[in-house]
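*Asks:* I'd like to ask you about the structure that follows.
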Amino acid sequence: MLTDTIYGLVGQAQNVATVHRIYNLKKRNPEKPCIILIGNTNTLAEFSITLSTEQQEKLTEFWPFDSAQGKPEAVSIIFDCEDESFAYLHRGTKTLAFRLPVLADLQNLINKTGPLIAPSANPEGLPPATNIEEAKKYFGGLVDFYLDGGTAEGKASKVIRLHKDGTVDILRA
């Protein structure tokens, strides 16, 4: 499925079996967490993410998007997550990364399906698929269905870590 950035292998983030299946399909490093797509910021609470006042204030710089300020940038934000019930997602890092998609249609879809993990559509170490044909070459019939969104012209999201005190570390520009 074409997300707001690149093609991804998409599945429900709160379904442990689905998350494990995606890791197996990608042959993804089991210690590397995936980004979780959310439809709105209220979803963070479902993952035991409690924002400090400083984080709430800083978060408004990245989400939601103000189209009057030009083309919004896709930003994935890492928060602390000590809740061990999400170890299948945080992979021992005790952090989770979330992205509120830029596209309103994708936000609406996620609000219906629930949060989604969406790692890039490629086996670990290979370039991400830029179209459905490339994704099918990678995964063939192992994927339940393919959703063609044309050619991916985006790039992976910017990744930041937002600390409790409101400070930010840029991990991927």
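The values are calculated or read from the model by the stated rules, or taken from the named source; none is laboratory data. A quick note: this is a predicted structure, and the numbers were derived from the prediction, not measured. All Cβ positions, even for glycine, are placed from backbone atoms using ideal geometry, and neighbour counts span all protein chains on display.
*Asks:* For ALA156, indicate whether it is modelled with pLDDT under 95 and either closer than 18 Å to ARG21 by Cα or touching a Pro at 6+ places or on another chain (Cβ under 6 Å) (or both). Before the answer, list the steps.
*Replies:* On the way: modelled with pLDDT under 95: yes; either closer than 18 Å to ARG21 by Cα or touching a Pro at 6+ places or on another chain (Cβ under 6 Å) (or both): no.
The answer is no for ALA156.
*Asks:* For residues in the range 99-145 being in a loop (DSSP other than H, G, I, E, B) and over 18 Å from the mean Cα position of the chain (by Cα), which is surrounded by the fewest Cβ atoms within 10 Å (Cβ to Cβ)?
*Replies:* The extreme case among them is PHE145.
*Asks:* Still on this structure, please answer the following. Among the residues of the range 159-173, is there at least one that is in a loop (DSSP other than H, G, I, E, B), surrounded by 11 or more Cβ atoms within 10 Å (Cβ to Cβ) and touching a Phe, Trp or Tyr at 6+ places or on another chain (Cβ under 8 Å)?
*Replies:* no
*Asks:* Another question, then. Please indicate, with yes or no, whether at least one residue in the range 86-107 is within 18 Å of HIS163 (Cβ to Cβ), at pLDDT 95 or above and out of contact with any strand residue (DSSP E or B) (no Cβ under 7 Å at 6 or more places or on another chain).
*Replies:* Yes: the range 86-107 contains one or more residues that are within 18 Å of HIS163 (Cβ to Cβ), at pLDDT 95 or above and out of contact with any strand residue (DSSP E or B) (no Cβ under 7 Å at 6 or more places or on another chain).
*Asks:* Out of the residues in the range 71-121 meeting the condition of being in contact (Cβ under 8 Å) with a residue 24 or more places away in the chain and of a type in the set (Asp, Glu), tell me which one is farthest from LEU51 (Cα to Cα).
*Replies:* GLU73
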